[in-house]
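**Student:** Mind having a look at this structure? Questions to follow.
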Number of protein chains: 2
Amino acid sequence: MTITITAFERSPDGGKGLARDTRVRWALEEAGQPYEVRLVSFRAMKEPEHLALHPFGQIPTYEEGELALFETGSIVFHIAERHPGLLPDEANARARAITWMFAALNTVEPPILELVTAKVLEGDKPWAKERLPLVVERIRNRLNQLSARLGDADWLDGAFSAGDLMMVSVLLRLRPSGILNEYPSLAAYVARGEARPAYKRAFDAQLAVNAGKPSTG
Amino acid sequence: MTITITAFERSPDGGKGLARDTRVRWALEEAGQPYEVRLVSFRAMKEPEHLALHPFGQIPTYEEGELALFETGSIVFHIAERHPGLLPDEANARARAITWMFAALNTVEPPILELVTAKVLEGDKPWAKERLPLVVERIRNRLNQLSARLGDADWLDGAFSAGDLMMVSVLLRLRPSGILNEYPSLAAYVARGEARPAYKRAFDAQLAVNAGKPSTG
């Protein structure tokens, strides 16, 4: 059955790979699964046809036969459950890898999203400059804890997993701020993720869309 | 094997059930699984012994034989995968229920956590009063979308699932603000969750801890 995902017609980041379709593309590339991409405009994302697929009017979505999913974490998990390469076979190791998926999305990403909000949505507010250090401090607290746990390991728990895919993707959002480079071990961890051939294919596919070339995904 | 979770020795909410151990207790009660509770103080949560279990120094954690997990979403999913009552059997319905778990934690909870941050951590800042309406507006955007999807259904997708357990738990955090009551269908949805016998047992068990009585969990 054909897998079809949705992505921005034009990503707000201009092709830096920070839009969430990159996470799904990466998982599909790790799993060796071909996929098609349907591009949607900002206007179309808020219309009934897309809202039927994604109640919060976002991308990506995932369609495969009768199945329609939204929410990146869920889509990546669905792919990881059905194909080898993204979750360990052993039950306890698998549960721990899933733990890191949730930790990336519910513990590490929220303070990072607050930084995006502070800069993009509230950048012109009178409190923007004075408030920013508080937001950054909350991110640093999480990164201190994360780098302490990672130590000098390559990945968060044994071999590369969907947990690493999600954590690397979340941390990538920090790169434009310069904060990631304050943590050399986390910067190296992210670089290891980006060096994976599957990541490179995913990145190139989203870049081709945003550079105006047809998607090869 | 005995299941042991951790919870606050004294919850910051004084027993309103908003601490995240309530979500895990609820899942265990839905699954009919007995469990033990180890209470931890704020000080102990930041010490090496607890950080070995939970790298971000939070509660709850979950221990069962050799397995140690953190992150509420992952723990609830682990319980839901192993016991009937929290995930549908049919594969596509199961994937959609998991989607709602991730949607609760990664799309609906982050703006709600921003409100907690705005009130608790930044309540004394000079921008607090002027900024609050922006934070509330972002929550309302999500609730508008969520209530549109729920419509007049009892639960988000067919029968009650771990997705509803998580969404109800996330929405409960809004009750003190009064925002939840602006959405009668969502308030009724949350009330249906609270009316479940398993939720009541979970709520009572955390209340007993915070009222200073021994846990019966």
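**Student:** Could you check segment B:110-133 and list, in sequence order, the residues that are under 15 Å from the mean Cα position of the chain (by Cα) and either on the phi > 0 side of the Ramachandran plot or at the interface with chain A (Cβ under 7 Å from one of its Cβ atoms) (or both)?
**Tutor:** Once the filter is applied, which keeps residues that are under 15 Å from the mean Cα position of the chain (by Cα) and either on the phi > 0 side of the Ramachandran plot or at the interface with chain A (Cβ under 7 Å from one of its Cβ atoms) (or both), segment B:110-133 yields B:Pro110, B:Leu113.
**Student:** Would you check if there is a residue in segment B:32-44 being surrounded by 19 or more Cβ atoms within 10 Å (Cβ to Cβ) and either among the basic types (Lys, Arg) or farther than 22 Å from B:Gly193 by Cβ (or both)?
**Tutor:** Within segment B:32-44, one or more residues are surrounded by 19 or more Cβ atoms within 10 Å (Cβ to Cβ) and either among the basic types (Lys, Arg) or farther than 22 Å from B:Gly193 by Cβ (or both).
**Student:** Let me ask you something else. Picking from B:Asp124, B:Asp152, B:Asp204, which residue would you name as being assigned by TED's automatic domain parsing to the domain that holds B:Pro12 and out of contact with any Leu (no Cβ under 9 Å at 6 or more places or on another chain)? Walk me through it before giving the result.
**Tutor:** Numbers: B:Asp124 fails: assigned by TED's automatic domain parsing to the domain that holds B:Pro12; B:Asp152 fails: assigned by TED's automatic domain parsing to the domain that holds B:Pro12.
Being assigned by TED's automatic domain parsing to the domain that holds B:Pro12 and out of contact with any Leu (no Cβ under 9 Å at 6 or more places or on another chain) holds for just one of B:Asp124, B:Asp152, B:Asp204, which is B:Asp204.
**Student:** Of the conditions (1) out of contact with any strand residue (DSSP E or B) (no Cβ under 9 Å at 6 or more places or on another chain); (2) aliphatic (A, V, I, L, M); (3) assigned by TED's automatic domain parsing to the domain that holds B:Ala202; (4) touching a residue at least 24 places away in the same chain (Cβ under 8 Å), B:Leu115 satisfies every one except a single condition; which number is it?
**Tutor:** The failed condition is (3).
**Student:** In addition: What tally of residues in segment B:116-145 results from selecting those that are closer than 15 Å to A:Glu122 by Cα and in a helix (DSSP H, G or I)?
**Tutor:** 12
Table: residues versus (1) under 23 Å from A:Leu143 (Cα atoms); (2) in a strand (DSSP E or B); (3) touching a Gly at 6+ places or on another chain (Cβ under 6 Å); (4) not aliphatic (A, V, I, L, M).
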site: B:Ala27; (1), (2), (3), (4): no, no, no, no
site: B:Leu39; (1), (2), (3), (4): no, yes, no, no
site: B:Ile59; (1), (2), (3), (4): yes, no, no, no
site: B:Glu63; (1), (2), (3), (4): no, yes, no, yes
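**Student:** For segment A:69-100, how many residues meet the condition of being without any contact (Cβ under 8 Å) to a residue 24 or more places away in the chain and of a type in the set (Gly, Ala, Ser)?
**Tutor:** Residues flagged as without any contact (Cβ under 8 Å) to a residue 24 or more places away in the chain and of a type in the set (Gly, Ala, Ser) within segment A:69-100 amount to 3.
**Student:** Among the residues of segment A:57-84, how many are surrounded by fewer than 17 Cβ atoms within 10 Å (Cβ to Cβ) and more than 10 Å from every other protein chain (Cβ to nearest Cβ)? I'd like the intermediate steps shown before the answer.
**Tutor:** So in segment A:57-84, the residues surrounded by fewer than 17 Cβ atoms within 10 Å (Cβ to Cβ) come out as A:65-67, A:81-84.
Checking which are more than 10 Å from every other protein chain (Cβ to nearest Cβ) leaves us with A:83-84.
Residues that pass the stated criteria total 2.
**Student:** Would you please name the residue that is nearest to the other protein chains (Cβ to nearest Cβ), looking only at residues in segment B:146-162 that are part of a helix (DSSP H, G or I) and free of Cβ contacts under 8 Å to residues at least 24 places away in the same chain? I'd like the intermediate steps shown before the answer.
**Tutor:** Pass one, segment B:146-162, residues part of a helix (DSSP H, G or I): B:146-150, B:162.
Filter again for free of Cβ contacts under 8 Å to residues at least 24 places away in the same chain, leaving B:148-149.
Working: B:Ala148: 7, B:Arg149: 4 Å.
Of everything passing the filter in segment B:146-162, B:Arg149 is nearest to the other protein chains (Cβ to nearest Cβ).
The values are calculated or read from the model by the stated rules, or taken from the named source; none is laboratory data. From a predicted model like this one, the values you see are computed outputs, not experimental measurements. We place every Cβ from the backbone using ideal geometry, glycine too, and count neighbours over all the protein chains shown.
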